[in-house]
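*Asks:* Supplied in structure tokens, the structure appears directly below.
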Protein chains: 2
Amino acid sequence: MNDYSVIGKRMPRVDSRAKVTGEAKYTADLKFPRMLVGKVLRSPLPHARILHIDTTRARRLPGVKAVVTGEDTTGEKWGVFRYTRDQQFLPTDKVRYLGEEVAAVAAVDEDTALEALELIKVDYEELPAVFDPLEAMAPDAPRIHEDFPQNINIHVAIHVGDVEEGFAKSYYVREDTFRAPEESYFQGEPYAVVARFDLEGNLEIWMPNAGPHMKAKPLSNALKIPLHKVHVRKITIGGAFGGRSEISPADFICALLAQKTRRPVKIVYSREENTIATRQGHAMITTIKTGVDRQGRVIARDVTCFMDGGAYSSTGPIATSVPFLCMEQAYRMENVRYNGYRIYTNKPVRGMIRVHGRAFACGVDTQLDMIAEQLGIDPVEIRLRNAREAGDYTNTRSYVTSCAMKETIRRAAERAGWKEKWGKLPPYRGIGIGCNSVQTGFPMGIRGGSQAFIKFNEDGGATVISGVVDNGQGNDNMLVQIAAEELGLRPEDIQLVTADTEVTPLDPGAYSQVSTFIGGQAVKLAAQDARRKLLEIASEALEAHVDDLVARDRMIFVKGSPQKAIPIKKVVRMGLARGKSVSGEGAYWPKVDPKREWVTNPFGQMCEAFSFGTTIAEVEVDPETGKVKVLQVVAAQDVGFALNPLVLEGQFQGAVAMGGQGGMLTEYHFWDQGRVMNPTQLEYKLPLAPDMPPIETIIVESHDPNGPYGAKEAGMSIAMSAAQAYSAAVSNAIGVYMKEFPITPDKILQALRSKREDKE
Amino acid sequence: MNDYSVIGKRMPRVDSRAKVTGEAKYTADLKFPRMLVGKVLRSPLPHARILHIDTTRARRLPGVKAVVTGEDTTGEKWGVFRYTRDQQFLPTDKVRYLGEEVAAVAAVDEDTALEALELIKVDYEELPAVFDPLEAMAPDAPRIHEDFPQNINIHVAIHVGDVEEGFAKSYYVREDTFRAPEESYFQGEPYAVVARFDLEGNLEIWMPNAGPHMKAKPLSNALKIPLHKVHVRKITIGGAFGGRSEISPADFICALLAQKTRRPVKIVYSREENTIATRQGHAMITTIKTGVDRQGRVIARDVTCFMDGGAYSSTGPIATSVPFLCMEQAYRMENVRYNGYRIYTNKPVRGMIRVHGRAFACGVDTQLDMIAEQLGIDPVEIRLRNAREAGDYTNTRSYVTSCAMKETIRRAAERAGWKEKWGKLPPYRGIGIGCNSVQTGFPMGIRGGSQAFIKFNEDGGATVISGVVDNGQGNDNMLVQIAAEELGLRPEDIQLVTADTEVTPLDPGAYSQVSTFIGGQAVKLAAQDARRKLLEIASEALEAHVDDLVARDRMIFVKGSPQKAIPIKKVVRMGLARGKSVSGEGAYWPKVDPKREWVTNPFGQMCEAFSFGTTIAEVEVDPETGKVKVLQVVAAQDVGFALNPLVLEGQFQGAVAMGGQGGMLTEYHFWDQGRVMNPTQLEYKLPLAPDMPPIETIIVESHDPNGPYGAKEAGMSIAMSAAQAYSAAVSNAIGVYMKEFPITPDKILQALRSKREDKE
């Protein structure tokens, strides 16, 4: 049992009220005097050479203040990595997907801006396009980027041990191929940017972001203005899910329009634009060959994955690696080989998504179930036999400090009544299990750490200055809880100043589950620094040694003598009266192997902690309609330590919605020659609250030695394991192992039909 | 010779460009969506009981969103000190001066707001009023505040040594009385406030201020909202001169209207309102009795001063003390007695002003000239004989660490050609000298110190986070210079985040000349802290000991081996790559006697440093018109060390304009029964640039051991000594010692007439 006052409690989030009342201001809500409306002209072709852009008529339209094209830029290409610089924010040579930015206008109102777009005349030379990654690799396929033969954008090759020898030694070997198409993020808030310059050339910019510093650096590079003049401001953010981690062409274009017009400019994406012109999740084709011993333990695994990356690199090196890494974290394998290919196609750009790699993870688990059936092993048992344990090294040599994977499996199985149900359910009822693991942060160059300042105010409250961003997951609340805990204050005593590149120090951003582990730790250290100074002042007044003092509930107590106490407010003021202000500073940089690199050297410690999750789903399939009804979901995750169980439960529930209910049953895109036919919520079916099944959440605490209070990532391992569990449960219900996702009614009916035909 | 790179240089101010281009945004320039216009209804009577306020018709006017009166407040009284709580921001019982706030409205536009004011009906019971401080002290005078008999608001009584014994021992004793009326500040920017609340009850507020934290605390108290919810924001400020140091009723009213309407509200004062409803300088009647020995050294001095404080206390205890303190700092006296009375009258509220105490300081110096004449001593010589020196204690027991008063006298006299001119000028030409001293900061309770954070950004630049406010004097530039110097950067590498009570740590505010000494010192310490961390990283790379490294011009060098160097940007990035972010923290609290109090215990160290200034003016008087032409001004000040000579010269010039040219020759108010008849620039004659004489500035550097780089206050001792020099020069020109200020043409003609009559 811990003795914490604030953390570990079911605390309603500090941002709830503002969001519920509508008080919270999102980027699209911002208004400034003389603000212009920015609109983007998009390519109507999936692949074409830009011959000429005539903006004369658009410029002449009254109310139009600026028109920009690639000619207004340096033409430089941008990339997340030095070796992935392939994207112009306003292309000068070619367009590579239908919807790509070609020009933009800033005008006094939306109607004028839209009218101006129609007056821009672009002459294209249409080029042959390719939409399928396998076709794109053919020798005669259209070349999308000159320097990339066969359109291979990224190739990650890993071989640890000897896979061929492993297969030779195996008792049973099988190979299967799994497929999943792209999917969309559908953040609650469509993308929006507001930018304005002052006459000193300082840029103020607001946009949904997964880290203000991640936006500032590329903007500084692209706009050729010093980094310290790029001020990415704090704003409420309506979701990211991996899709707000990079600079967007909209950021650059909006800033460029503001620079040209010397007026504030706002760009708000329509729902259609958010779908096609932010990011999508990668489509994937994964072939998995697995060899096991008699007990079902994996001796060798060989995975080849082709990912449809769309037109540009984005976070390609990461995206190409992560599905493999999640697998090697979750399950032990003696020998493993991985070949991941990210292929350019003439489709929208693909990035990281909360459930990145459905065809990979669901494939691994589906095949494990097939192997288990073959060997007569219970699916739960085969997972326990292969599950990762603390003290292990992963195949790519990351040490696993804490791991309660087996406990999540056991507790989820027990809660779901696995023993009572497996093999005993009535026809068309099924139960399935999935296990997964995700990273708690991985390094992104020198911006991998976080720093925080804390200042005590004269009213006894404290202000936290941190670069951590909250894009919906509750990071603001996390910071408040940690600071209040360490400083002995109540949550309402903590003021946050966060996510502003001018004011707040460096922070890696809220990607890859780092915020609590890295940013939270920096705040914890800063708070401890401030508390030490507070206790030093109090020790005089209380005539007690600093080490014997405790700060709690706005008071400083002498341990063991609770009557000897003094209010923190008084101590702060005593300090001020003596010329001592109470403040603190802290920084946390994760201890990882700096030589590890995604493509060139994928070996060494990649992050400090891993989380592990198991989801079990029980479903009922209607054999007439192919519809799936989810009866129950049990989600168990090793989160290290639950800083706020209420927030974690919300994360678990959202993860089941996104990974399982939506990602595995209803969400997919229709395409026509590179055009998304269902870009809005009307036809891209996101699960709504009434669609959701009952979800039981199990929080498992392994107390990671490196995490703040033992905490590590929370919620993400549920998102993917939910997909795996849903897939397994449907397969179990219909008696067919499904290999293409999502498992929509038509696929179920087709599977049932094939099964019947096979029998006949 | 010093070896500084940035400080000590004639650096154009960082805010110049924004101000010249109009880019700088003042409070009145702020615009927010749905912002309302606030207007204040003011008392048409100087003294009256409020019987009833009927706001019904005003409330009914379409477009009016709120009307507030004293009934919407708690009725509590506010004061700068615990014992001066006498002012309600919206009075419930009485109005005490013509122009006092009675009610206010917020409406959709200015016309509607003004119309609404006319619809508010106030029933007053007019009370007898008193406008003269001596009349106000009469037993039968109207009582303005119930608890203050004889309308004595503040009485400061100091007696050091034995004055009566001193006079008895004196060779020559004389007593004179000097008078000066109120004066106005006429800041370039009239007062304005913008306030808005969010639904969480956080108040954002902008206004010209001499310290955001000085505004936040009383607003928190008055509005009954926690201090940490009051966010006073940074904004460009067009002058303070002592008149923006307190909460204004406008701040409270604007916040109250914003709270009621849940919309942003802006109040912009007219020039008339700025004159009557912000602050004015005190009118003063000073009787000085001085006894000297044969050499003109002061053996005893007894001063009684009556100050017209207007309707409320404001900074009364300070205002009542400061003229005496300036005198005891400037000149030695064996025995001294002071009785300062601040008297309530039915006139606008009086506060501290840059040239507070003309009738006092000019009186002391005029009398010194009279004594010198009597004893046959040169005015320069008598000042040298009485001048303060380093190592002295003042009569009220402040130790004077650095003092170059004598050097300022000698150098000014030499530059002005005193020897060649004194007693040798043609008729109606005159030369005069004045000496003064001011405090470099004095404590204001626990808010007396400053704290700063510094963070290095990944581009090698640094951000300074400090509560220091710039209200026109160049504080922003000062912070940039100090940070750049200490960090080895260029001024353009420094980003400022200042003067915001949410983000920045505590700072006393830019009153009493503290900013460089206290806030600058905090930034210096923070920068040194950051530099130490920088050098530690560099020492590894350069294979040199930290103590052998120097940061300069964006590089870190090994002392003596300039070829061994590394760019600071690289060091910052090396740090980040190793998990070390470079930042710093610093705090400076002045070492003063905490037991010293203005009224109850005016003894002990009051501040850490004093500055000393001498001004010499040469004038020509037209005996026909009484007009004064100023031929030359020489201003010399001991500033400790000149951080930026360019800024100092500007301060000296402004000081001569305000203290001498305006304050001593043209600026005064006409009154009619408590009504200011000349509230605007049309009739209140401020000197303009073409009115100004040639000014020679002499910067004397005494290198104060406590000051940053030896610096202390700069510019203020010129403001008052200029008044003294102007007065002395005119007296010298016309052969009559003037005792009433300002010395307007009518007074000069009257003096010449009396002189002729005396002769006849």
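Here, each number is a calculation from the coordinates, and none is a lab measurement. No experiment lies behind these values; they were computed from the predicted model shown. Counting neighbours? That spans all protein chains shown, and the Cβs are built from the backbone with ideal geometry, glycine included.
*Asks:* Considering only C-alpha atoms, what is the centroid distance from the stretch B:330-393 to the stretch B:512-564, in Å?
*Replies:* 44 Å
*Asks:* Taking the dipole about the Cα centre of chain B, with the C-beta of Lys and Arg at +1 and of Asp and Glu at -1, give me whichever of B:A372, B:Y428, B:M555 is farthest to the positive side.
*Replies:* The residue sitting most towards the positive pole is B:M555.
*Asks:* If Lys and Arg each add +1 and Asp and Glu each add -1, what is the summed charge of the other residues whose beta carbon sits under 13 Å from the beta carbon of B:L542?
*Replies:* -2
*Asks:* Per q in 0.20, 0.23, 0.26, 0.27 Å⁻¹, report the Debye log10 I(q)/I(0) for the stretch A:51-124, using one uniform scatterer on each alpha carbon and no solvent.
*Replies:* -0.85, -1.02, -1.17, -1.22
*Asks:* If you plug each phi of the stretch A:684-696 into the Karplus form 6.51 cos²θ - 1.76 cosθ + 1.60 with θ = phi - 60°, what whole-Hz ³J(HN,Hα) values come out, in order, with x for Gly and Pro?
*Replies:* 3J(HN,Hα) across the stretch A:684-696, in whole Hz: 8, 8, 7, x, 9, 3, x, 6, 7, x, x, 10, 9.
*Asks:* Let me ask something else about it. Could you give the nm distance between label points at B:R578 and B:Y83, where each point is 7 Å from its Cα heading toward the beta carbon?
*Replies:* 5.8 nm
*Asks:* Under the definition of partner shielding as Cβ atoms of other protein chains within 10 Å of a residue Cβ, what is the mean value for peptide B:601-613?
*Replies:* Counting other chains' Cβ atoms within 10 Å and averaging over B:601-613 gives 0.
*Asks:* Can I ask one more? Among A:F178, B:F32, rank each residue by its count of other Cβ atoms within 10 Å, from fewest to most, as a rough exposure measure.
*Replies:* Ascending Cβ contact count within 10 Å gives the list B:F32, A:F178.
*Asks:* Would you mind ranking B:Y312, B:Y171 so that the residue whose beta carbon has the fewest other beta carbons within 10 Å leads the list?
*Replies:* B:Y171, B:Y312
*Asks:* Each label point is 7 Å from the Cα along the Cα-to-Cβ direction; what then is the distance between the points at B:K419 and B:E492, in nm?
*Replies:* Those two pseudo-labels are separated by 4.9 nm.
*Asks:* Shortest first, in nm, what separates the label point of A:E135 from those of the same position in the other copies (7 Å along Cα→Cβ)?
*Replies:* So the label point of A:E135 gives 10.0 nm to the other copies.
*Asks:* Could you tell me whether the stretch B:444-588 comes out rounded, prolate or oblate from its Cα gyration tensor? Rule is a ≥ b ≥ c as square roots of the eigenvalues, rounded for a/c under 1.5, then prolate if a/b exceeds b/c, otherwise oblate.
*Replies:* Taking the square roots of the gyration eigenvalues as a ≥ b ≥ c, the stretch B:444-588 is prolate.
*Asks:* Let me ask something else about it. For the stretch B:284-406, with equal point scatterers placed on the C-alpha atoms only and solvent neglected, what are the log10 I(q)/I(0) values from the Debye formula at q = 0.20, 0.22 1/Å, to two decimals?
*Replies:* Here the Debye-derived log intensity ratios amount to -1.12, -1.26.
*Asks:* Could you quote the convex hull projected area for the protein assembly as shown, Cα atoms only and averaged over all directions, in nm²?
*Replies:* With the hull built on Cα positions only, its mean projection is 63.5 nm².
*Asks:* Let me ask another. May I ask you to report, in nm to one decimal and beginning with the shortest, the distances from A:R297 to the same position in the other copies, taking label points 7 Å along Cα-to-Cβ?
*Replies:* 10.1
*Asks:* Could you tally the net charge around A:L384, taking each other residue with its Cβ under 10 Å from the Cβ of A:L384, Lys/Arg +1 and Asp/Glu -1?
*Replies:* For residues surrounding A:L384, the net value is +2.
*Asks:* Same structure again: What list of ³J(HN,Hα) values in whole Hz, one per residue of the stretch A:26-43 in order, does the Karplus curve 6.51 cos²θ - 1.76 cosθ + 1.60 (θ = phi - 60°) give from phi, with Gly and Pro shown as x?
*Replies:* 9, 4, 5, 7, 5, 9, 10, x, 6, 5, 9, 9, x, 9, 10, 8, 10, 5
*Asks:* Let me ask another. Amide H of A:A129 versus every other amide H placed in the peptide plane: which residues, excluding those fewer than 5 positions away on the same chain, fall under 5 Å?
*Replies:* Here nothing satisfies the definition.
*Asks:* Okay, moving on. Based on other C-beta atoms within 10 Å, arrange A:E273, B:E608 from fewest to most.
*Replies:* A:E273, B:E608
*Asks:* Cα-Cα pairs above 19 Å in the stretch A:387-450: how many percent?
*Replies:* Of all Cα-Cα pairs in the stretch A:387-450, 54 percent lie more than 19 Å apart.
*Asks:* State, as an integer percentage, the relative contact order of the stretch A:393-504 based on alpha-carbon contacts under 8 Å between residues 6 or more apart.
*Replies:* 18 percent
*Asks:* If I take every Cα pair under 8 Å that is 6 or more residues apart in the stretch B:444-588, average their sequence separation and divide by the length, what percent do I get for the relative contact order?
*Replies:* Over the stretch B:444-588, the number comes to 32 percent.
*Asks:* Enumerate the amide H contacts of B:E597 below 5 Å, restricted to partners 5 or more residues apart or on another chain; note that Pro and chain-start residues carry no placed amide H.
*Replies:* B:F603
*Asks:* Which ³J(HN,Hα) values in Hz, rounded to whole numbers, follow from the phi angles of the stretch A:301-306 under the Karplus curve 6.51 cos²θ - 1.76 cosθ + 1.60, where θ = phi - 60° and Gly and Pro get x?
*Replies:* Using θ = phi - 60°, the values come out as 9, 10, 10, 10, 10, 10 Hz.
*Asks:* To one decimal in nm, how far is A:R415 from the same spot in the other copies, if labels go 7 Å from Cα toward Cβ? Please give the shortest first.
*Replies:* Nearest to farthest, the other copies are at 8.1 nm.
*Asks:* Of the DSSP beta bridges with both residues in chain B, give the percent that are antiparallel, rounding to the nearest 5.
*Replies:* 75 percent
*Asks:* Report, in deg cm²/dmol and to the nearest 500, the calculated mean residue ellipticity at 222 nm for chain A, where each DSSP H run with n ≥ 4 adds -39500 (n - 2.57) and the sum is divided by the residue count.
*Replies:* -8500 deg cm²/dmol
*Asks:* Using only the Cα atoms, work out Rg/Rh for chain B, with Rh taken as the Kirkwood radius, to two decimals.
*Replies:* 0.99
*Asks:* So what's the net charge close to B:A58: Lys and Arg +1, Asp and Glu -1, counting the other residues with Cβ under 12 Å from its Cβ?
*Replies:* Neighbourhood net charge equals +3.
*Asks:* Using Cα pairs under 8 angstrom and six or more residues apart, how large is the relative contact order of chain A, in percent?
*Replies:* Once divided by the residue count of chain A, the mean separation gives 15 percent.
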